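J.: Sharing a structure, written as structure tokens. Questions coming.
Just so it is clear, none of the values below were taken in a lab; they were calculated from the coordinates. Quick caveat: nothing in here was measured; it's all calculated off a predicted structure. Using ideal geometry, Cβ is built from the backbone for each residue, glycine included, and neighbour counts are taken over all protein chains shown.
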Amino acid sequence: MMNWNTDLNGIPCGSMVTRTVTTKDGIKKYDDFQPDFVILASKCGKVIKSYWIRDERRFAGFKQGEQPVAWMRWPRHPFPSEASLTPP
């Protein structure tokens, strides 16, 4: 069972991940922000799936300066995929 959390400082926003792409010039690596999905409750009674928009410093579905009143982590699948079990 998931519970609402009202500690807004604890909302997971995301993390920087290293991505690898193949270009005509070879393999390139770069850092990219990967947002975490969360469930947010607004002051007007809406519950939405959202994520942190880093450049705008706000959550999707909320305008600048507007805060959710509570949040939950977006659930993950309970079993790992076969792909994640296969060594590289």
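J.: Could you line up Ser50, Ser42 from fewest to most neighbouring Cβ atoms inside 10 Å?
T.: Ser42, Ser50
J.: Further question on the same structure: What residue among Gln64, Thr23, Thr6 has its Cα farthest toward the positive end of the dipole of the chain, where the charges are +1 on Lys, Arg and -1 on Asp, Glu, each on the Cβ?
T.: Gln64
J.: Just check the chain against the gyration tensor rule for me: Cα atoms, a ≥ b ≥ c as the square roots of the eigenvalues, rounded for a/c under 1.5, and otherwise prolate or oblate depending on whether a/b exceeds b/c.
T.: Because a/c hits 1.5 or more and a/b fails to exceed b/c, the chain counts as oblate.
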